[in-house]
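Taking it in order: structure first as structure tokens, then the write-up.
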Amino acid sequence: MNIVNGKTKVLGLIGDPIEHTGSPAIHNLLASKLGDDAIYVPFRVRSKRLEEAVEGAYALGIEGLNVTVPHKVEVMQYVTELDDAALEIGAVNTLARIRGGYKGYNTDFSGFMRELDSLDIQVNGRDVIVLGAGGAAKAVIYTLNRLGARQIYILNRSIEKAEEIFGDQPGIKIMGFDGWKSIPSDKYICIQCTSVGLSPEDEACVIEDEGFYDLIESAVDLIYKPKETAFMKKVAAHGGKAYNGLRMLVFQAASSYEFFMKKEVPEEIVEELYHELDS
Ligand code: ATR
């Protein structure tokens, strides 16, 4: 980490809780790899003080902030400008300093896009299965649509909740987890966006039924702790390729960093960072 001085750019994260965040490690490593004079600090911000926190951050000259649970939607009210993708997704995870305030972005979207690209998973014209309909799924589904997915099957525990969020979108079919049986027999790309299987519940898997996994050609589980989830093990056992969410985490961090620092992060640095965090 760099030694802080009078010119050091301050970056950070606002959320509640923030104790277990991995973002400071990633951003501080990025700053040091790029030789930037910047430091990234986590700030616990209670919901009722969010507006004050954003205003205060601007007054303090903070260059950029990531935004995490529970502020990703609420914070949209307090930005000076909003990126189109963030507006469509309905969530902001990055605030980059501009004149008079912050511009809000969603880099879960750009991070996921870069993850698919780096894994050479081609979505255009394909049918895709998405498990989950929460905040992460919103950015994933937006990305899949942007990349030209033909049909998206959303399987969620609460069908009603998924209908509320995605029900009016063309090319989307919503069902419960049992609904996979009605999906035409073929090979699909599948994105696992629920929190099921997240450490310490390592053994849990959102769909236990082995038959489901015959449908999967390649899958991304957004979870990265554990490194190989029970879901990924099942995909692999049925001959599919399975990847965890670490790439997306690193890519979204790199995209945020680019907005904060207004410079490009070379792809080889992102790869290097990914391999260091994966080891
Ligand atoms: P995130 O921001 O990580 O997406 P979220 O918005 O809370 O978090 O969404 C969590 C997702 O995991 C939802 O799809 C949720 O299903 P519901 O919409 O029915 O709540 C899903 N999820 C969480 N716990 C689950 C469980 N035990 N079984 C099945 N799905 C679960």
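For the stretch 203-279, what does the alpha-carbon gyration tensor say about shape, rounded, prolate or oblate, given a ≥ b ≥ c as the root eigenvalues, a/c under 1.5 as rounded, and a/b over b/c as prolate? Judged from the Cα gyration tensor, the stretch 203-279 comes out prolate (a/c at least 1.5, a/b above b/c). Restricting the trypsin sites (Lys or Arg not before Pro) of the stretch 246-279 to loop positions (DSSP other than H, G, I, E, B) with no more than 13 neighbouring Cβ atoms within 10 Å leaves 262, 263. Neighbours of residue 240 by Cβ distance under 10 Å: Lys/Arg scored +1, Asp/Glu scored -1, total +1. What is the distance, in nm, between label points placed 7 Å from the Cα along the Cα-to-Cβ direction at residue 122 and at residue 52? Result: 5.5 nm between the two label points.
For residue 272, the shell of other residues with beta-carbons less than 12 Å away shows a net charge of -4, using +1 for Lys and Arg and -1 for Asp and Glu.
Provide the convex hull volume over Cα atoms per residue for the stretch 71-145, in Å³. List each step's numbers first, then the result.
Working: hull volume 6.8 nm³, N = 75.
Once divided by residue count, the hull of the stretch 71-145 is 91 Å³.
Percent of Cα pairs in the stretch 109-244 per distance bin of 10 Å, from zero to the largest separation: 13, 48, 36, 3. Phi angles across the stretch 202-217 convert, under the Karplus curve 6.51 cos²θ - 1.76 cosθ + 1.60 with θ = phi - 60°, into 3J(HN,Hα) values of 4, 7, 6, 9, 5, 10, 7, 4, 4, x, 4, 6, 5, 7, 9, 8 Hz, Gly and Pro given as x. For the pair residue 175 and residue 74, a Förster radius of 35 Å applied to the C-beta separation gives a FRET efficiency near 0.70, rounded to the nearest 0.05. Each peptide in 164-170, 60-66 was scored by the mean count of other Cβ atoms within 10 Å over its residues; highest first, the order is 60-66, 164-170.
Could you tell me the distance between the Cα centroids of the stretch 168-239 and the stretch 44-91, to the nearest Å? About 32 Å separates the Cα centre of the stretch 168-239 from the one of the stretch 44-91. Spherically averaged projected area of the convex hull of Cα atoms, the chain: 14.7 nm².
Close amide-amide hydrogen proximity is noted between residue 41 and 11, 12, 13, each under 5 Å apart and 5 or more residues distant or on a separate chain (H modeled in the peptide plane; Pro and chain starts excluded).
What does DSSP give for the chain in terms of the percent of beta bridges that are antiparallel, rounded to the nearest 5? It would help to have the intermediate numbers written out before the result.
Details: 8 of 42 bridges.
Taking every DSSP beta bridge with both residues in the chain, the antiparallel ones total about 20 percent.
None of the figures in this text is laboratory data; all of them are computed from the coordinates on show. None of these values were measured; they are calculated from a predicted model. Counting neighbours? That spans all protein chains shown, and the Cβs are built from the backbone with ideal geometry, glycine included.
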